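**Student:** Supplied in structure tokens, the structure appears directly below.
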Amino acid sequence: MEDSNKPVVHLISKPEKMLKTVYTACRTCYSADSPMNIYESTDDEEKMLKLINRVISSGHYSTIEHIQISFAISNVSRACTHQLVRHRHMSFSQKSQRYVKEKGQFDYLIPPTIERDENLKQKFIDFMGKISEVYNEFTEAGIPAEDARAVLPNACATSMVASLNLREMIHLANLRLCTRAQYEIRTLVRMMCEELIKEEEWLRPYLVPKCESLGFCDEDKSCGRKPQLATLQNT
Ligand SMILES: Cc1cc2nc3c(=O)[nH]c(=O)nc-3n(C[C@H](O)[C@H](O)[C@H](O)COP(=O)(O)OP(=O)(O)OC[C@H]3O[C@@H](n4cnc5c(N)ncnc54)[C@H](O)[C@@H]3O)c2cc1C
């Protein structure tokens, strides 16, 4: 059963031959052979992965920009999607609060820190109820949804189709899987990564928090998973 307080994430589109496409892009840079011959070659997975890893580690990221991936995302808060849309190389189509009028009690997400305290949780639910009453009063009085939405909270549930290329996917994972990222976007991005890894296992080593690829933590406040940069510089 789906957790009503967790994002719902589905991978809806990706290239069928993702590994082969990335390999072809990488190999084309260093080969006299044509891209099509490389694409149709029978090179084994180990050879392809070795080259891809070398090219990505050297920072030749254009090779992974050929891969476009789309996710269907729902049951996330507006606070969460507001953070996601800061990623400028992503494309979004989000449920509109102008064209889709809320009816009855709008859906919302309760942050786990509030949910685990019964008293605070009840206050939160009551407050959402009050907001809903005011919103409905406004829309019933003829205020357009695009203005009535001004009273809706960050907790309001939303849905979107989000697309990005593989370079941005790795960047997104590096930033948002870090424990310094807020819990909801961290959960969402982890689920996006898991969906993709289910189909493309070879991506697992790349879809990691940035400290895993850097080898150190560059944040001021560290979770301790890796040594902090400042500590390394002082040794
Ligand atoms: C833990 C955490 C805390 C945060 N806190 C805040 C906060 O308090 N306030 C706040 O406003 N934001 C905050 N952010 C958002 C953050 O500042 C970025 O806007 C967001 O993470 C997108 O990252 P990005 O710019 O690297 O990625 P993208 O927009 O996805 O871009 C990817 C990369 O493309 C390049 N790029 C994109 N656009 C440009 C450009 N115009 N010029 C040059 N290079 C470009 C950069 O190399 C960039 O890293 C936070 C993010 C995190 C992860």
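**Student:** Among (1) within 16 Å of the ligand (Cβ to nearest atom); (2) modelled with pLDDT of 95 or more; (3) out of contact with any Leu (no Cβ under 7 Å at 6 or more places or on another chain), which single condition is I67 missing?
**Tutor:** Going through (1) within 16 Å of the ligand (Cβ to nearest atom); (2) modelled with pLDDT of 95 or more; (3) out of contact with any Leu (no Cβ under 7 Å at 6 or more places or on another chain) one by one, I67 breaks only (3).
**Student:** So which of R167, R176, R180 is within 10 Å of the chain's Cα centre (by Cα), within 11 Å of the ligand (Cβ to nearest atom), surrounded by 15 or more Cβ atoms within 10 Å (Cβ to Cβ) and touching a residue at least 12 places away in the same chain (Cβ under 8 Å)?
**Tutor:** None of the others qualify; the one that does is R176.
**Student:** A further question follows. Just wondering, is there one or more residues in the range 19-29 that are in contact with a strand residue (DSSP E or B) (Cβ under 9 Å, 6 or more places away or on another chain) and part of a helix (DSSP H, G or I)?
**Tutor:** no
**Student:** Let me ask you something else. Quick check on I131: is it assigned to a loop (DSSP other than H, G, I, E, B), crowded, with 17+ Cβ neighbours inside 10 Å and either touching a Ser or Thr at 6+ places or on another chain (Cβ under 8 Å) or not assigned by TED's automatic domain parsing to the domain that holds I197 (or both)?
**Tutor:** no
**Student:** Moving on to the next point. Among the residues of the range 79-101, what is the count of those that are more than 16 Å from the ligand (Cβ to nearest atom) and either surrounded by 19 or more Cβ atoms within 10 Å (Cβ to Cβ) or in a strand (DSSP E or B) (or both)?
**Tutor:** Matching residues across the range 79-101 total 2.
**Student:** When only residues in the range 22-51 that are charged (D, E, K, R) and more than 14 Å from S62 (Cβ to Cβ) count, which is surrounded by the fewest Cβ atoms within 10 Å (Cβ to Cβ)?
**Tutor:** Out of the qualifying residues, it is E46.
The values are calculated or read from the model by the stated rules, or taken from the named source; none is laboratory data. Treat the numbers as computed from the prediction; the structure is a model and nothing was measured. Neighbour counts run over all protein chains shown; Cβ positions are idealised from the backbone, glycine included.
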